[in-house]
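What follows is one structure encoded as C-alpha cells, with my remarks underneath.
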Amino acid sequence: MVPALVGVAFLVVPLLGLLVRAPWGDAWRILRESQASEALRLSLWTSSVATVIALVVGVPLAWLLARSSFPGLRLVRALVTLPLVLPPVVGGVALLLAFGRNGFLGRWLDEWFGLTIPFSPVAVVMAETFVAMPFLVVTVEGALRAANQGYEQAAATLGAGRMTVFRRVTLPMVAPSLAAGAVLCWARALGEFGATITFAGSFPGRTQTMPIAVYYALETDPDAAILLSLVLLLVSVAILVALRDRWLRGGTV
C-alpha cells in the first residue's frame with residue numbers, strides 16, 4: 001500500500017497544485033482575454049481528426065503486425081512504435097524535413113500541386129497523428145494477438161469472406177481494446193506539443209493548440225497559463241471518464 005499511495009500522491013499532488021493556485025475570482029475575464037476558446041476548439045477538432053486517421057490506417061496496420069509473417073516484420077514493428085520513445089520535437093523536425101517546402105516530398109507537393117503543409121492546420125493534424133497513432137496500433141495489436149482465432153476460422157469454414165470475418169468476428173472481439181486504443185490516441189493527440197510547434201508553429205486561431213497556448217501564456221501571464229491548463233485537464237478527464245463508462249466497460253485503459 002505504501003508504494004501505491006506514494007505513486008498516487010506523485011500523480012495527484014501536481015494537479016492539486018493547479019486547483020489551489022488557480023485565480024478563480026478572475027477566471028472568466030482571463031479566459032476570455034486569452035483566446036482560450038479558439039485554442040480549445042482547434043485542439044478538439046485536430047485531435048479528433050488525427051484519431052479518425054489513426055483508426056483508418058492504424059487498425060489494418062495492427063492486424064498486419066499481429067497476423068502476418070514476412071521478412072522484416074520486427075523492423076516494421078520497431079519503426080511503427082518508434083514515435084513512442086522518440087522525443088516529439090525530433091518527430092516535428094523529421095516531418096518538417098520530409099514535408100517542408102524544401103523537404104524531399106514537400107518540394108514536389110509544392111511544385112506539382114501548390115500544397116504547402118507546414119504551419120497550417122493540416123500540419124497540426126499530421127504532427128498529432130504521427131505521435132499518437134502508435135498508441136492505437138500497439139493496443140489493437142496486443143488484442144489481436146490475444147484473441148481466439150478459432151472463431152475466425154469457424155466463420156471462414158462457413159463461407160464468410162475475409163472482410164466479413166474481420167467486420168463481424170474480429171472487430172467485435174477486440175472492440176474494448178480498440179476503443180481503449182482510440183481514447184489513448186485521442187488523449188495523446190490532444191496533449192501534443194513538441195512536434196506540433198516545430199512542424200505547425202503557433203498562429204492563434206490557426207495552429208495554436210491548447211498546449212502551445214499554455215506554453216506562451218506561462219511566459220507572459222502565469223494566471224492564464226494555470227487556467228488554460230485547468231481547462232485542458234478538465235476536458236481530458238471528462239471525455240476519458242465518459243468514454244470509459246460508455247465504451248470501455250470490460251476493457252482496459
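The values are calculated or read from the model by the stated rules, or taken from the named source; none is laboratory data. Not measured: the values here are computed from a predicted model. Neighbour counts are summed over all protein chains in view; Cβ atoms, including those assigned to glycine, are modelled from backbone coordinates with ideal geometry. Note: accessible area is taken over every heavy atom of the protein model, side chains too, but ligands, DNA and RNA are not part of it. Shrake-Rupley method; radii C 1.70, N 1.55, O 1.52, S 1.80 Å.
Can you tell me which residue is surrounded by the most Cβ atoms within 10 Å (Cβ to Cβ) among those in segment 105-121 that are in contact with a helix residue (DSSP H, G or I) (Cβ under 9 Å, 6 or more places away or on another chain) and hydrophobic (A, V, I, L, M, F, W, C)?
Within segment 105-121, the first condition is being in contact with a helix residue (DSSP H, G or I) (Cβ under 9 Å, 6 or more places away or on another chain), and the residues that meet it are 105-106, 109, 115-119, 121.
From the residues that got through so far, the ones that are hydrophobic (A, V, I, L, M, F, W, C) too are 105, 109, 115, 117, 119.
Values: LEU105: 12, LEU109: 16, LEU115: 14, ILE117: 23, PHE119: 17.
Checked segment 105-121; the qualifying residue surrounded by the most Cβ atoms within 10 Å (Cβ to Cβ) is ILE117.
If you check LEU97 against the conditions, is it surrounded by 15 or more Cβ atoms within 10 Å (Cβ to Cβ) and in a helix (DSSP H, G or I)? So LEU97 fails the test.
The criterion of being out of contact with any strand residue (DSSP E or B) (no Cβ under 8 Å at 6 or more places or on another chain), loosely packed, with under 13 Cβ neighbours inside 10 Å, at pLDDT below 90 and among the small types (Gly, Ala, Ser) does not hold for GLY7.
Hey, any hits in segment 45-63 for a residue that's polar (S, T, N, Q) and under 18 Å from ARG145 (Cα atoms)? Before the answer, list the steps.
Quick first cut of segment 45-63, residues polar (S, T, N, Q) only: 46-48, 51.
Subsequent filtering for residues that are under 18 Å from ARG145 (Cα atoms) retains none.
No, because not a single residue in segment 45-63 is polar (S, T, N, Q) and under 18 Å from ARG145 (Cα atoms).
When restricted to residues that are assigned to a helix (DSSP H, G or I) and within 18 Å of LEU234 (Cα to Cα), segment 198-216 contains 6.
Based on what the data block shows, is LEU65 open to solvent by 40 Å² or more (accessible area, probe 1.4 Å), in contact with a helix residue (DSSP H, G or I) (Cβ under 6 Å, 6 or more places away or on another chain) and touching a residue at least 12 places away in the same chain (Cβ under 8 Å)? Judged against the criteria, LEU65 is not a match.
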